[in-house]
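First comes the structure, then the notes that go with it.
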There are 2 protein chains.
Amino acid sequence: MEFRVNSKELEKHLSKIIPAVPTRTPMKILENFLFDINDGLLTIYATDLDLSLKSFMNVVSDANLKLVLPAKLLYDVVRSLKETTITFQVQQQNKKINLLTDTGKYVISYLEPEEFPEIPTVNEENKQEVNIVEINGDELKEAIDKTAFAMSKEEVRPALQGTLFEFTEEGLRFVTTDGHRLVNLLKRNINAPIKKQYIVPERAINILSRILDEKIVKVYFTNTYASFKLNDIELISRLISQKYPDYASVIPLENEYLLKVKTQELNDTIKRMMLFSTSNTRKVKFSLSKENIEVKAEDIDTGASGEEKLKCEYQGEPMDIGFNSQYMNEILSHLSDSEEVLFKLHSPTKAVIIEPVEKKEELDLMMLLMPVRINA
Amino acid sequence: MEFRVNSKELEKHLSKIIPAVPTRTPMKILENFLFDINDGLLTIYATDLDLSLKSFMNVVSDANLKLVLPAKLLYDVVRSLKETTITFQVQQQNKKINLLTDTGKYVISYLEPEEFPEIPTVNEENKQEVNIVEINGDELKEAIDKTAFAMSKEEVRPALQGTLFEFTEEGLRFVTTDGHRLVNLLKRNINAPIKKQYIVPERAINILSRILDEKIVKVYFTNTYASFKLNDIELISRLISQKYPDYASVIPLENEYLLKVKTQELNDTIKRMMLFSTSNTRKVKFSLSKENIEVKAEDIDTGASGEEKLKCEYQGEPMDIGFNSQYMNEILSHLSDSEEVLFKLHSPTKAVIIEPVEKKEELDLMMLLMPVRINA
């Protein structure tokens with residue numbers, strides 16, 4: 001039994017699915033790929049049980065076959081080759097596979113397919129309820145890239161360790177929060193009429209962001225799994241089976257003071273202030289007046305401090321308000337495609353809303369940040 | 001007291017000398033720069049006691065002054081600024097220094113200069129014997145880049161943890177070895193008539209490689225220190241005070257079998273073989289015949305193996321010989337500017353010489369590699 005494949009094409013597929021292979025696991029079988037050839041279609045599987053990736057490509061093969069190959073070694077060998085045809089020759093008598101090229105021969109042991117865990121299937125034929133949306137890969141990537149940073153890293157509230165995909169009458173909404181900040185992004189152009197919430201874990205979100213391209217993605221949700229079907233690859237992830245907190249209740253509706261400031265300029269200032277805001281709270285203080293913000297940070301331990309004055313447009317009462325400089329930096333970095341940002345404030349103790357001034361079509365984006373206490 | 005300096009110019013100087021600042025040290029004073037302004041010339045010092053860097057630049061100053069500033073914080077603040085003029089204002093009453101720009105003010109505590117360790121001076125006026133060579137910065141960098149990789153990482157033989165600078169009648173010789181491989185590079189165009197050996201420690205070599213440019217470097221050696229004087233920076237390093245082993249005695253003179261092979265092609269093969277040569281010895285086997293090399297490596301634990309056939313020109317008896325694949329890879333990588341390399345061999349147990357086929361003017365380069373045993 002043998003099959004042939006172009007080395008660079010195989011490398012492209014392996015590079016996309018190898019992120020699902022766990023680097024340290026007591027289940028050694030997960031350090032492998034499953035190769036499944038059926039009528040000339042090669043499907044390669046990788047999984048860590050929670051998250052699976054499948055890749056599809058055509059190969060020239062003289063038989064149908066299934067075998068399990070060491071993921072890292074195979075990937076390293078394939079990507080070390082120049083563009084060439086690789087012939088995979090199965091040696092059943094000693095359970096080895098030969099990779100043959102013009103000048104080289106590489107021998108790798110394989111395992112039987114029965115040892116590889118089953119990968120869940122998510123499609124229209126599932127018995128349970130399935131919700132489906134189609135979304136442009138670029139737009140999904142943008143939504144993920146603008147929201148993913150605010151997912152919680154802490155295991156105490158598992159629901160927050162993922163991104164909320166909320167089907168609403170207005171469109172598909174993406175929400176992330178760690179309790180200190182929150183990002184709320186609505187894609188109006190995605191038809192998602194049923195009211196329903198799904199939480200996709202951080203690992204799936206991160207891998208998705210890497211494999212998305214400009215093509216259409218078909219997304220399937222059941223109550224336990226999500227599947228993202230791209231052109232020649234599919235990502236299947238277990239969902240987080242917790243209830244997402246009522247995020248809408250923390251968003252203030254009547255922050256009447258408005259502050260407009262240049263995004264990049266403020267973020268450059270914040271980055272310098274981070275050198276001085278080294279305490280636990282990483283506090284940076286904004287002193288707001290009609291035309292200026294004074295930004296100040298101080299390192300209590302060393303007595304070092306920094307302060308800068310920036311131009312702004314502020315409509316509201318003069319106010320001193322403190323923020324975590326790292327959170328502010330992350331928010332502004334994720335709003336950098338808008339030249340200016342708008343802060344909506346009410347008082348030094350109430351959540352602040354930060355929005356891009358330049359709106360995008362069919363996309364509503366809102367970030368929220370809790371202030372930190374400033375000691376009078 | 002105050003002085004003014006361009007932010008980007010100061011950043012350039014600080015970036016060059018900050019490598020001398022130790023990252024973890026029980027002597028907290030070493031985490032600082034010493035600033036010394038004398039008649040408008042600012043000298044900045046950084047040291048870890050074994051290695052020191054001095055940087056020279058002109059500033060506009062209203063007084064002579066000396067003060068000690070936290071290295072990392074100062075460097076981070078300066079490089080976070082756009083191009084601007086920074087005014088340093090000394091506040092003697094509270095031992096702080098203000099850095100003022102158009103829009104910002106940064107306050108940093110300073111220490112008194114007396115706390116900073118003394119930096120040795122190495123120049124013609126030293127009482128002890130001084131040997132001096134002048135060398136083009138690019139050429140010194142090339143010599144270092146081709147030899148540094150073979151210095152020993154092991155502390156058991158301190159002399160090998162540095163690069164030998166040998167003054168000879170033929171020129172200046174650079175030697176590195178770790179007992180398994182050796183690099184011997186002679187710069188014929190450097191006039192170094194006295195017969196004398198100096199060992200420069202690895203850390204100095206690494207930093208030197210980063211700061212060298214195309215300008216002339218004046219190198220001073222005393223019995224205990226070396227000083228490398230660049231245009232606006234000086235590196236002073238303690239020398240390794242051990243005797244260098246008699247490297248010449250291990251270089252075989254009568255390796256009569258000659259193998260010529262394309263450098264890049266062989267190295268690409270070696271890189272693939274490294275995926276299989278995973279045992280302690282990282283063994284790769286060369287089987288030499290008149291027109292071909294067969295290269296083979298095997299992972300005993302998993303039974304995986306790789307073999308490739310390459311074209312070559314070989315004059316000698318057919319031979320199987322084993323090498324450490326990682327050492328071979330490093331040697332070939334450092335000979336990559338010669339399209340072909342020449343191996344001089346005698347037997348599977350005797351040191352092999354590897355040289356570039358394309359010779360450079362005024363530069364003799366020879367690498368030596370001990371074979372590893374091949375189990376029949």
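Just so it is clear, none of the values below were taken in a lab; they were calculated from the coordinates. Just so you know, these numbers come straight off a predicted model, no measurement behind them. Here the Cβ is made from the backbone with ideal geometry for all residues, glycine too, and neighbour counts use every protein chain on show.
Scan the range B:339-376 residue by residue and report those that are surrounded by 13 or more Cβ atoms within 10 Å (Cβ to Cβ), under 26 Å from B:Ser279 (Cα atoms) and aliphatic (A, V, I, L, M).
Residues satisfying the conditions are B:Leu345, B:Ala351, B:Val352, B:Ile353, B:Ile354, B:Met367, B:Leu368, B:Leu369, B:Met370, B:Val372, B:Ile374.
Show the residue pairs meeting these rules: Cβ distance below 8 Å; 6+ apart or different chains; first residue within the range B:62-85 and closer than 16 Å to B:Asp36 by Cβ; second residue small (Gly, Ala, Ser).
Sorted first by the residue in the range B:62-85, then by its partner, the pairs are B:Ala71/B:Ala46.
Table: residues versus (1) more than 32 Å from the chain's Cα centre (by Cα); (2) more than 12 Å from chain A (Cβ to nearest Cβ); (3) over 24 Å from B:Ala143 (Cβ atoms).
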{"position": "B:Thr269", "(1), (2), (3)": "no, no, yes"}
{"position": "B:Thr281", "(1), (2), (3)": "no, yes, yes"}
{"position": "B:Ser287", "(1), (2), (3)": "yes, yes, yes"}
{"position": "B:Glu291", "(1), (2), (3)": "yes, yes, yes"}
{"position": "B:Asp337", "(1), (2), (3)": "no, yes, no"}
{"position": "B:Phe343", "(1), (2), (3)": "no, yes, no"}
{"position": "B:Pro356", "(1), (2), (3)": "no, yes, no"}
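Of the residues B:Gln326, B:Gln315, only one is of a type in the set (S, T, N, Q), touching a residue at least 40 places away in the same chain (Cβ under 8 Å), away from every other protein chain (no Cβ under 14 Å) and closer than 30 Å to A:Ser109 by Cα; which? Give the steps one after another, and end with the answer.
Details: B:Gln315 fails: closer than 30 Å to A:Ser109 by Cα.
Residue meeting the stated conditions: B:Gln326.
Please go through the range B:130-170 and pick out each residue that is among the polar types (S, T, N, Q), over 15 Å from B:Asn189 (Cα atoms) and surrounded by fewer than 20 Cβ atoms within 10 Å (Cβ to Cβ).
Listed by number, the residues that qualify are B:Asn131, B:Ser152.
Does B:Ser336 satisfy the criteria of being crowded, with 21+ Cβ neighbours inside 10 Å and either of a type in the set (Gly, Ala, Ser) or in a loop (DSSP other than H, G, I, E, B) (or both)? Quick ask: steps written out before the conclusion?
Values: crowded, with 21+ Cβ neighbours inside 10 Å: no; either of a type in the set (Gly, Ala, Ser) or in a loop (DSSP other than H, G, I, E, B) (or both): yes.
So B:Ser336 does not fit the description; no.
Hey, can you tell me all the residues within the range A:261-272 that are in contact with a strand residue (DSSP E or B) (Cβ under 8 Å, 6 or more places away or on another chain), of a type outside the set (A, V, I, L, M, F, W, C) and not in a strand (DSSP E or B)? Break it down stepwise before answering.
Narrowing the range A:261-272 to residues in contact with a strand residue (DSSP E or B) (Cβ under 8 Å, 6 or more places away or on another chain): A:261-263, A:265-266, A:269-270, A:272.
Filter once more, so that each one left must be of a type outside the set (A, V, I, L, M, F, W, C): A:262-263, A:265, A:269, A:272.
Scanning the range A:261-272 gives A:Thr263, A:Glu265, A:Thr269, A:Arg272.
Taking the stated definitions as given, is A:Asn184 outside any loop (DSSP other than H, G, I, E, B) and within 14 Å of another protein chain (Cβ to nearest Cβ)?
Details: outside any loop (DSSP other than H, G, I, E, B): yes; within 14 Å of another protein chain (Cβ to nearest Cβ): no.
Criteria not met by A:Asn184.
State the number of residues belonging to the range A:101-132 that are within 14 Å of another protein chain (Cβ to nearest Cβ), of a type in the set (Val, Ile, Thr) and either outside any loop (DSSP other than H, G, I, E, B) or within 25 Å of A:Val21 (Cα to Cα) (or both). Break it down stepwise before answering.
Looking only at the range A:101-132, we keep the residues that are within 14 Å of another protein chain (Cβ to nearest Cβ), and these are A:101-111.
Those left that are additionally of a type in the set (Val, Ile, Thr): A:101, A:103, A:107-108.
Filter once more, keeping what is either outside any loop (DSSP other than H, G, I, E, B) or within 25 Å of A:Val21 (Cα to Cα) (or both): A:107-108.
Number of matching residues: 2.
Could you check how many residues of the range A:297-311 are part of a strand (DSSP E or B), more than 7 Å from chain B (Cβ to nearest Cβ) and within 19 Å of B:Gln91 (Cα to Cα)?
Going through the range A:297-311 one residue at a time, the tally reaches 1.
Among the listed residues B:Leu41, B:Leu51, identify the single one that is more than 12 Å from every other protein chain (Cβ to nearest Cβ), farther than 15 Å from A:Ser305 by Cα and in contact (Cβ under 8 Å) with a residue 40 or more places away in the chain. Walk me through it before giving the result.
On the way: B:Leu41 fails: in contact (Cβ under 8 Å) with a residue 40 or more places away in the chain.
Going through B:Leu41, B:Leu51 in turn, the sole match is B:Leu51.
Tell me, which residue of the range B:80-96 that is at the interface with chain A (Cβ under 10 Å from one of its Cβ atoms) and not polar (S, T, N, Q) is surrounded by the most Cβ atoms within 10 Å (Cβ to Cβ)?
Here is the first cut: in the range B:80-96, the ones at the interface with chain A (Cβ under 10 Å from one of its Cβ atoms) are B:80-82, B:94-96.
Subset that is not polar (S, T, N, Q): B:81-82, B:95-96.
Working: B:Leu81: 19, B:Lys82: 10, B:Lys95: 13, B:Lys96: 16.
Across the range B:80-96, the extreme among qualifying residues is B:Leu81.
Among B:Lys82, B:Lys105, B:Lys72, which is closer than 30 Å to B:Arg203 by Cα and charged (D, E, K, R)? Give the derivation first.
Numbers: B:Lys82 fails: closer than 30 Å to B:Arg203 by Cα; B:Lys105 fails: closer than 30 Å to B:Arg203 by Cα.
On inspection, the qualifying residue turns out to be B:Lys72.
Quick check: anything in the range A:21-30 touching a residue at least 60 places away in the same chain (Cβ under 8 Å) and either buried (at least 20 other Cβ atoms within 10 Å of the Cβ) or more than 27 Å from the chain's Cα centre (by Cα) (or both)?
Within the range A:21-30, none of the residues are touching a residue at least 60 places away in the same chain (Cβ under 8 Å) and either buried (at least 20 other Cβ atoms within 10 Å of the Cβ) or more than 27 Å from the chain's Cα centre (by Cα) (or both).
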